Amino acid sequence: MRLILLATTHRVAPGLLAWRAWSVLRDSRVLTAAEGHPQLPFLREAGVAVEVVEPDARAVVDAALREDVVWLAAPDGDAEFAARVGELVVGGPGEGLEVEIVHGSYDLPGARLLDVVAVMERLRHDCPWDRKQTHQSLIPYLVEETYETADAVASGDFTALREELGDVLMQVAFHAVVAAERGEDGFTIDDVAEGIVDKLVRRHPHVFGEVDVSGAAEVEVNWDAIKKAEKGERGLLEGVPFSQPALLEAAQLVRRARKGGVPEELFADYADRAGPAEDAERELRAWSTRFRAKVEEWERQSRG
């Protein structure tokens, strides 16, 4: 006799189970403690009888000593129930019972992104602060999280990088939830994902098509050519954001212009001002460093 612990993931549509799972479900007595288990309607539609019982590990083990039993675990995995079963079959009254874990469905790479979407929708609905946010009010947070991500990369702290990337991802999901509420002129997180996937496929014909490239430089040339074909004739500096810090804006403008073959004499005024601008950046950075130190010292004294 066997006790089969059947695990499924809520990130895969109910009813989509591995053949091994369907096989044991059809050949065994099926028990679960999750009355609202998302798999139940589909199992019953397929003719699989499922009994909803109390999560009494001793009673389930006793039943499995008489006949093959499948325990359909709740979406959260029923970890405490499984641990109790382990205690009963190792040196307990169920010793000798064959216990097998069968995974009816598995998370695919990226499946946890579904949790991000679900949590963000819940926050937008139930949290007063999240509910009142707009695209405009969220901008400072998106900028802040982006800079914090850059700091994590610069520091080489990969634990921090993982966290900061999560914060950036949350901002993307947040904006998508807000946009979805606009109705016909809005968009969803799926629209965002569809757009970037389509763009990446179009602009990487050497990966998804039959174009050959000699190296990274040619990839960049092809990208620019495809982008130009998609968007039509645009100014060299079109799309450089005005909202970024002035020093970053200047650097991006110069980079775009040099890449576009702008005559060198047009950079003369920039060259004249580059020194003072860089000095201003250094001075402001030095002030920030001093200010950080002052605040940290004040905090230490306040706690003292």
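The values are calculated or read from the model by the stated rules, or taken from the named source; none is laboratory data. Values in this document were obtained by computation on a predicted structure and should not be read as measured data. Cβ placement follows ideal geometry from the backbone for every residue including glycine, while neighbour counts extend to all protein chains displayed. Accessible surface areas use protein heavy atoms only, side chains included; no ligands, DNA or RNA. Shrake-Rupley method; radii C 1.70, N 1.55, O 1.52, S 1.80 Å.
Going by what's in this entry, would Val197 be described as open to solvent by 70 Å² or more (accessible area, probe 1.4 Å) and modelled with pLDDT of 95 or more? Step through it out loud before you land on a result.
Details: open to solvent by 70 Å² or more (accessible area, probe 1.4 Å): yes; modelled with pLDDT of 95 or more: yes.
Answer is yes for this residue.
Looking at segment 123-149 only, could you name the residues that are among the basic types (Lys, Arg) and under 18 Å from Asp167 (Cβ atoms)?
Our first condition is that a residue be among the basic types (Lys, Arg); within segment 123-149, this holds for 124, 131-132.
Correct list: Arg124 only.
When you scan segment 287-297, do you find a residue that is assigned to a helix (DSSP H, G or I), among the acidic types (Asp, Glu) and at pLDDT below 75, even just one? If you could, list the steps in order and put the result at the bottom.
Of all residues in segment 287-297, those assigned to a helix (DSSP H, G or I) come to 287-297.
When the remaining residues are screened for being among the acidic types (Asp, Glu), the result is 296-297.
Narrowing further to those that are at pLDDT below 75: 296.
Yes: one or more hits.
Among the numbered conditions (1) among the hydrophobic types (A, V, I, L, M, F, W, C); (2) under 29 Å from the mean Cα position of the chain (by Cα); (3) part of a helix (DSSP H, G or I), tell me where Ala74 comes up short.
(3)
List pairs: first in segment 201-219 and on the phi < 0 side of the Ramachandran plot, second in a loop (DSSP other than H, G, I, E, B) and not acidic (Asp, Glu), Cβ under 7 Å, 6+ apart or cross-chain?
Pro205/Val211; His206/Val213; Val219/Val213
Mind telling me which of the residues Arg112, Arg122 ends up being of a type in the set (Lys, Arg) and under 30 Å from Val70 (Cβ atoms)? First the steps, then the outcome.
Numbers: Arg122 fails: under 30 Å from Val70 (Cβ atoms).
When all the criteria are applied, what remains is Arg112.
Is it the case that some residue within segment 20-29 is more than 30 Å from Val172 (Cα to Cα) and assigned to a strand (DSSP E or B)? Before you say what the answer is, go through the steps one by one.
So the first thing to find is which residues in segment 20-29 are more than 30 Å from Val172 (Cα to Cα), and the list is 20-29.
With the extra rule that they be assigned to a strand (DSSP E or B), the set shrinks to 29.
Scanning segment 20-29 turns up at least one residue that is more than 30 Å from Val172 (Cα to Cα) and assigned to a strand (DSSP E or B).
For segment 159-273, please list each of the helices (runs of 4 or more DSSP H) lying entirely inside it that holds at least 1 residues being within 28 Å of Glu121 (Cβ to Cβ). Full working, then the answer.
Numbers: elements: 189-202, 205-208, 216-231, 246-259.
In segment 159-273, 189-202 are the helices (runs of 4 or more DSSP H) which contain 1 or more residues that are within 28 Å of Glu121 (Cβ to Cβ).
Identify all residues within segment 175-222 that are among the aliphatic types (A, V, I, L, M) and closer than 30 Å to Arg131 by Cα; write none if there are none. Reasoning before the result, please.
Step one: list which residues in segment 175-222 are among the aliphatic types (A, V, I, L, M), which gives 176-180, 189, 192-193, 196-197, 200-201, 207, 211, 213, 216-217, 219, 221.
Matches in segment 175-222: Ala176, Val177, Val178, Ala179, Ala180, Ile189, Val192, Ala193, Ile196, Val197.
For segment 223-239, which residues satisfy the criterion of being more than 17 Å from Gly261 (Cα to Cα) and open to solvent by less than 50 Å² (accessible area, probe 1.4 Å)?
Result: Ile226, Gly232.
Do the conditions hold for Gly92, that is, is it of a type in the set (Gly, Ala, Ser), assigned to a loop (DSSP other than H, G, I, E, B) and surrounded by fewer than 18 Cβ atoms within 10 Å (Cβ to Cβ)? Reasoning before the result, please.
Details: of a type in the set (Gly, Ala, Ser): yes; assigned to a loop (DSSP other than H, G, I, E, B): yes; surrounded by fewer than 18 Cβ atoms within 10 Å (Cβ to Cβ): yes.
Considered against the rule, which asks whether it is of a type in the set (Gly, Ala, Ser), assigned to a loop (DSSP other than H, G, I, E, B) and surrounded by fewer than 18 Cβ atoms within 10 Å (Cβ to Cβ), Gly92 comes out as yes.
Output yes when any residue across segment 50-66 is open to solvent by 40 Å² or more (accessible area, probe 1.4 Å), in a strand (DSSP E or B) and hydrophobic (A, V, I, L, M, F, W, C), and no when none is. Break it down into steps so the answer makes sense when it comes.
As a first pass, look at segment 50-66 and keep what is open to solvent by 40 Å² or more (accessible area, probe 1.4 Å): 51-56, 58-59, 62, 65-66.
Now drop any that are not in a strand (DSSP E or B), which leaves 51-52.
Remaining after also requiring hydrophobic (A, V, I, L, M, F, W, C): 52.
Among the residues of segment 50-66, at least one is open to solvent by 40 Å² or more (accessible area, probe 1.4 Å), in a strand (DSSP E or B) and hydrophobic (A, V, I, L, M, F, W, C), which makes the answer yes.
I'd like to verify a number: residues in segment 113-140 that are part of a helix (DSSP H, G or I) and open to solvent by 60 Å² or more (accessible area, probe 1.4 Å), how many? Steps first, answer last, please.
Of the residues in segment 113-140, the ones part of a helix (DSSP H, G or I) are 113-126, 128-131, 135-140.
Filter once more, keeping what is open to solvent by 60 Å² or more (accessible area, probe 1.4 Å): 113-114, 119, 121-123, 125-126, 128-129, 131, 136, 139-140.
Qualifying residue count for the region: 14.
Report the residue count in segment 107-129 for those that are more than 11 Å from the chain's Cα centre (by Cα), closer than 14 Å to Ile189 by Cβ and in contact (Cβ under 8 Å) with a residue 40 or more places away in the chain.
Count: 3.
Val143 - would you say it is at pLDDT below 95, assigned to a helix (DSSP H, G or I) and surrounded by 14 or more Cβ atoms within 10 Å (Cβ to Cβ)?
Here the answer is yes, as Val143 does meet what is asked.
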